[in-house]
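What follows is calculated from the coordinates using simple rules that are stated; it is not laboratory data. This is a predicted model, so every value here is computed, not measured. Note: ideal-geometry Cβ built from the backbone for every residue, glycine included; neighbour counts use all protein chains shown.
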Amino acid sequence: MMIHEANLDELIRMALREDIGDGDHSTLACIPPDACGKAKMVAKKEGVLCGAKVGKRVFELVDNRLHVEIKKEDGTPLQKGDVVMTIEGPSASILTAERTALNFMQRMSGIATETHRMVEMLQGLDTQLLDTRKTTPNMRLLEKYAVKCGGGTNHRIGLYDMVMLKDNHIDFAGGIAAAIDRTHQYLKEKGKNLKIEIEVRNLDELQQVLEHGGVDRIMLDNFDTTTLKEAVRRIDHRYETEASGGITDETLRAYAETGVDFISVGALTHHIKSLDLSLLAE
């Protein structure tokens, strides 16, 4: 999944306007307008690359005279010192585009790297690692693409492509049965065919869902591993299962070993460290 080309261009232009303002005065002050040069983008740490085409597009939108060659494709493991891309053309344009390109690529690569690290912790098990909607505004599709590059699985993209009945929906609707029934009525009236996921906070709420039915996936929120294992046993593959809430590196595999189908981790996109990349003039 990658953002539509026109939308990507607009996102990049917004980022460039934010950074450049009325001019890159540092560059304009000391770089002759006719000067040309070469630069290379280098990985300063190990990780998983993501966002190469985004970075390339930043340079192209700053100056279509720049020649950009991608040396490593998205999803590629990086070693320290690997050359990710090379850029050749007007020196001033390379300098003006540098930080915006790096900002996109470092964040996306950081997400891909963290996702890959956590997916590796689940090796040998059937549980899939999910992202969430806890994303940077206007960067969601790029961040979710980065999760895919790291080997993770995308949850719903937004509020529009899946129904998720969380605790507040259920409480405001008047209970589990009312929330499910109203949802089915709404989807029928609107002619929509969307999957329905419902959140439960304990085994009593789970039992209500199992007795009522009418959903596709059950999110087991803030369950400890013992209770989660019992919940998965009771569901017995009748519905997809998802664990969420408070799951850390130390507990991730233990949660997966309960047999749950999915584990969602918001930190994949909202609490990551960008991968260190650098642009070096040649």
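If you take the square roots of the eigenvalues of the alpha-carbon gyration tensor of segment 62-171 and sort them as a ≥ b ≥ c, do you get rounded (a/c under 1.5), prolate (a/b over b/c) or oblate? Verdict is oblate for segment 62-171. Rounded to two decimals, the Cα radius of gyration of the chain over 2.2 N^0.38 Å is 1.22. Dipole of the chain computed with +1 at Lys/Arg Cβ and -1 at Asp/Glu Cβ about the Cα centre; of Val58, Tyr145, Ile218, farthest Cα towards the positive end is Val58.
Packing-based ranking of 193-201, 171-179 yields 193-201, 171-179, ordered from highest to lowest mean Cβ neighbour count within 10 Å.
For the set Lys38/Lys144; Lys192/Lys229; Lys45/Lys144; Lys53/Lys166; Lys80/Lys148; Lys45/Lys229, the pairs lying more than 27 angstrom apart at their alpha carbons are Lys38/Lys144; Lys192/Lys229; Lys53/Lys166; Lys45/Lys229. Distance from the alpha carbon centroid of segment 141-200 to that of segment 208-282 works out to 15 angstrom. Database note for the chain: Cys without another Cys beta carbon under 4.7 angstrom, Cys30, Cys36. Here the calculated FRET efficiency for Met162 and Asp22, from their Cβ-Cβ distance with R0 = 45 Å, stands at 0.55, rounded to the nearest 0.05.
Positive-end ranking of Leu122, Met162, Asn103 along the dipole of segment 99-190, with charges on Cβ about the Cα centre, is headed by Asn103. Multiplying the residue separation of Glu211 and Ala178 by 0.36 nm and removing their Cα-Cα distance gives an extension gain of 10.6 nm. When the alpha-carbon atoms of segment 171-282 are used, the pair Rg, Dmax equals 18.3, 68 angstrom.
Calculate, in nm to one decimal, what Glu10 and Leu125 gain on full extension: separation in residues at 0.36 nm each, minus their alpha carbon distance. Intermediate values should be presented prior to the final figure.
On the way: separation 115, 0.36 × 115 = 41.40 nm, distance 4.04 nm.
Fully extending the segment from Glu10 to Leu125 adds 37.4 nm.
Across the chain, Cα pairs under 8 Å and at least six residues apart give a relative contact order of 22 percent. What FRET efficiency do you get for Ala29 and Val83 if R0 is 41 Å and r is their Cβ-Cβ distance, rounded to the nearest 0.05? Result of the calculation: an efficiency of 0.90.
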